[in-house]
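What follows is one structure encoded as structure tokens, with my remarks underneath.
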């Protein structure tokens, strides 16, 4: 029991640290939008972009009482509520809780970080779109790396993956952004759409570079200990399947178990900690960048 108690405390400490980093990423994401994107009249990708359009529509109504308040973050939070309800039992509980915290924090940050009356880089919309894309993409990348997300289309993409394996978050975002920027093209001038697309492209590149969710990894674990408890911990903590093989050491002649696991690169550190806590003498082989086809869960 003492081993489990110590492991649980260490796990809570690790998860709390990951949550703090995810909230830091949320702050960067919100700051980039309010400081670089909104002052230049540019539009974010995904669900946040539609919230910006809705906020603009309300501000155009005569007699609108909140014309001096930026409510995009609040609209984003309200739209995420039904998404959270639908996804509660379909995504990991840790991912769900951390994503809920991050979306709440993004809403608060966007409500309290003031939007400048003039752009931070006056007369340089290109620079604002690039810097805003770098900062916001890096922020979301941190959230993803810490086992969270910014909500919205990320969660919708994950839900679609569970129903159809040929879906991905990238494909869902591509279609949503095509609709969003088509609307922007009809409502605004061409430069607004072009600079928004530049921002969205830089954002996507920065996000991909700062997290490792899409890199598939195969891990082989060799242990001489009875591994049913280890299997249960991996199932519970990571939700990944395991192939177990019986083996015999050629030199020692001792029986051992070989665990073959496929997972994402960002989960390897967590798996390594689980294995080390259970059996410090276990032997692990990690092979990155493998191509996986068939019934394999792409989490993001």
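Just to be sure I understand, how many residues within the stretch 230-241 are under 17 Å from residue 284 (Cβ atoms) and either loosely packed, with under 15 Cβ neighbours inside 10 Å or touching a strand residue (DSSP E or B) at 6+ places or on another chain (Cβ under 9 Å) (or both)?
5
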Restricting attention to the stretch 203-217, does a residue exist that is at pLDDT 80 or above and over 26 Å from residue 25 (Cα atoms)?
no
Which one of these is closer than 14 Å to residue 217 by Cβ and not assigned by TED's automatic domain parsing to the domain that holds residue 12: 261, 274?
261
Hey, can you tell me all the residues within the stretch 51-73 that are touching a helix residue (DSSP H, G or I) at 6+ places or on another chain (Cβ under 6 Å) and either buried (at least 19 other Cβ atoms within 10 Å of the Cβ) or modelled with pLDDT of 75 or more (or both)?
51, 52, 54, 55, 71, 72, 73
Taking the stretch 279-292 on its own, how many of its residues are more than 20 Å from residue 235 (Cβ to Cβ), part of a loop (DSSP other than H, G, I, E, B) and either at pLDDT 85 or above or over 22 Å from the mean Cα position of the chain (by Cα) (or both)?
2
Would you mind stating whether residue 115 is touching a residue at least 60 places away in the same chain (Cβ under 8 Å) and in a loop (DSSP other than H, G, I, E, B)?
yes
Go through the stretch 161-184 and count every residue that is farther than 14 Å from residue 44 by Cα, assigned to a helix (DSSP H, G or I) and either touching a helix residue (DSSP H, G or I) at 6+ places or on another chain (Cβ under 6 Å) or modelled with pLDDT of 70 or more (or both).
3
Residue 23: within 20 Å of the chain's Cα centre (by Cα) and touching a residue at least 24 places away in the same chain (Cβ under 8 Å), yes or no?
yes
Residue set 276, 236; condition assigned to a helix (DSSP H, G or I) and at pLDDT 85 or above; output residue 276
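Looking for whichever is within 18 Å of the chain's Cα centre (by Cα) and closer than 25 Å to residue 203 by Cα here; the options are 80, 55, 34. Which one fits?
80
The values are calculated or read from the model by the stated rules, or taken from the named source; none is laboratory data. Owing to the predicted nature of the structure, the values given are computational and were not obtained by experimental measurement. Neighbour counts run over all protein chains shown; Cβ positions are idealised from the backbone, glycine included.
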